[in-house]
Amino acid sequence: MPSTIGVVAFIALLHVLGWGVLAFVVIPAGIPLGGGGGALVTLGIGLTAYALGVRHAFDADHIAAIDNTTRRLSERGKPANTVGFWFSLGHSTVVVVLCILLTFGVAAVGSALADDSSALRTWTGVIGPSVSGVFLLVIAAVNIASLRRRHGHAGGPVLRLLGPFEKAVDRPSRMYMVGLLFGLGFDTATEIGLLALAGAATLVAVPWWAVLTLPILFAAGMSAFDTGQGAVMRRAYTWQPGRRRLGEVYAVTMTGLSVIAAILIAIVQLADVLVVNLGLGGPLPWLASVGIDDLGLVLTALLLVTWLAVLLITRRPRNVAHD
């Protein structure tokens, strides 16, 4: 598994490759990624692809999966700095492969992506959200069991059932496959937006290597922010206030926020799968309609605010703030 330095170097390479080819090859050659409009339009399309990647990094399921896995690995004393990197790399793989297929004229892919009722969209619309929902429920259960064990409660049969899962995701690199499976849904506006940009570029006979700057920029933006978010949360989860009672409250609060978010996101995703594909009624349509688009940003903000608040408390003189 590459070191943190290797991960940073790889992300830097994506940025240099994407922006370098766009700025020093595509634009000077007058290649119209936007079908015309000159250098500013081409630069704007590159910025859009990058911004879509950054926004996708803060999708609720990304944040919940990365945070909960980071917390679990950190608690077990395992390296967790690169959880976000491997997840985003797996997720980006799906987008890059689809863009490559579009670039080389695989028309069936383009038409299938554009048709909500196509077999491709139907099956991936089930697989992606289902894997995401189940993974989030399981990792939430693992963290709940871990928290109970921390407070002296036995793990019980549930923890034994979760044992195989813990072995399956016992290092950051295992998150590559998780990210790839999450990406199979490609039903978010960010991914569809990028694929639309790539598809439009192929229609005006743009060279394949120029079109591929778009998914590279997308991957650069997503990997940078998912990696950064995961590394920051690893620091937050492993930091200890130095006061036993405050430390217990801090650990429960941080874990509780991540677990609650993971469960909520999983319920919404799985409810949507059941409603769309099986037509189930009752409370499921309402659950499926719950908006979670900005929950990733909210969760990140809450976790950081909690960390900073406790950090400030511990810096106060002991005669001002007591346990």
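Listed from fewest to most Cβ neighbours within 10 Å, the set H62, H15 follows the order H15, H62. A straight line joining the Cα centroids of the range 207-230 and the range 60-82 runs 22 Å. Equivalent ellipsoid of the range 18-86: semi-axes from √(5λ) of the C-alpha gyration tensor, largest first, are 38, 13, 5 Å.
From least to most packed, judged by other beta carbons within 10 angstrom and beginning with the fewest, Y250, Y176 follow the order Y176, Y250. Taking every Cα-Cα distance in the range 258-319 and sorting them into 10 Å bins from zero, the calculated P(r) comes out as 20, 33, 21, 14, 9, 4, 0 percent. Ordered by the count of other Cβ atoms within 10 Å of each Cβ, fewest first, M177, M222 give M177, M222. Note on L304 and L280: the model spin-label points, each 7 Å out from Cα along the C-beta direction, lie 3.6 nm apart.
All of the numbers you see were taken from the coordinates with simple rules; none came from a lab. Because the structure is a prediction, the values reported are computed rather than measured. Note: ideal-geometry Cβ built from the backbone for every residue, glycine included; neighbour counts use all protein chains shown.
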